[in-house]
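> Handing you this structure, nothing more for now.
The values are calculated or read from the model by the stated rules, or taken from the named source; none is laboratory data. In this text, all values refer to a predicted model and were calculated from it rather than measured experimentally. Neighbour counts are summed over all protein chains in view; Cβ atoms, including those assigned to glycine, are modelled from backbone coordinates with ideal geometry.
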Amino acid sequence: MPGEIKLSTEFITLGQFLKAADVIQSGGMAKWFLSEHEVFINGEQDQRRGRKLRAGDKVQIAGVGEFVIK
């Protein structure tokens with residue numbers, strides 16, 4: 001069962017998402033985390049911490065889990 005992250009705005013950036021999902025402790029860790037881990041958004045690998053995630057997007061992080069943006 002994937003985890004769910006609920007949006008209160010139109011979108012969330014990948015860096016903000018990583019913090020909201022408790023994958024990283026601070027936003028400053030996002031760049032490092034994305035350089036060290038494979039992150040897939042809707043099946044495509046992406047390492048841009050500014051990537052906008054919207055409702056319906058699926059995020060898969062190797063070794064961490066799968067999340068759905070609501």
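> Take the stretch 1-54 and flag every residue that is of a type in the set (Gly, Ala, Ser), over 18 Å from Gly65 (Cβ atoms) and not in a loop (DSSP other than H, G, I, E, B). Before the answer, list the steps.
Taking the stretch 1-54 as the starting set, the residues that turn out to be of a type in the set (Gly, Ala, Ser) are 3, 8, 15, 20-21, 26-28, 30, 35, 43, 50.
Right, trim to over 18 Å from Gly65 (Cβ atoms) and you get 8, 26-28, 35, 50.
Within the stretch 1-54, Gly27, Gly28, Ser35 qualify.
> Return yes or no: is Ile12 aliphatic (A, V, I, L, M) and in contact (Cβ under 8 Å) with a residue 60 or more places away in the chain?
Details: aliphatic (A, V, I, L, M): yes; in contact (Cβ under 8 Å) with a residue 60 or more places away in the chain: no.
It is false that Ile12 is aliphatic (A, V, I, L, M) and in contact (Cβ under 8 Å) with a residue 60 or more places away in the chain.
> Just give me the residues in the stretch 9-27 being at pLDDT 90 or above and over 14 Å from Val59 (Cα atoms), in sequence order.
Residues of the stretch 9-27 that are at pLDDT 90 or above, as a first pass: 9-26.
Thr9, Glu10, Ile24, Gln25, Ser26 - these are the residues of the stretch 9-27 that are at pLDDT 90 or above and over 14 Å from Val59 (Cα atoms).
> Follow-up question, since we're still on this one. Does Gly27 fit the bill of being at positive phi and not hydroxyl-bearing (Ser, Thr, Tyr)?
Numbers: at positive phi: no; not hydroxyl-bearing (Ser, Thr, Tyr): yes.
Considered against the rule, which asks whether it is at positive phi and not hydroxyl-bearing (Ser, Thr, Tyr), Gly27 comes out as no.
> In the stretch 25-40, what residues are surrounded by 18 or more Cβ atoms within 10 Å (Cβ to Cβ) and aliphatic (A, V, I, L, M)?
Result: Ala30, Leu34, Val39.
> Ok, one more. Name every residue in the stretch 41-70 that is charged (D, E, K, R), closer than 17 Å to Glu4 by Cα and buried (at least 18 other Cβ atoms within 10 Å of the Cβ), in order of residue number. Full working, then the answer.
Within the stretch 41-70, the subset charged (D, E, K, R) is 44, 46, 48-49, 51-52, 54, 57-58, 66, 70.
Retained after the next criterion (residues that are closer than 17 Å to Glu4 by Cα): 52, 54, 57-58, 66, 70.
Passing the criteria: only Asp57.
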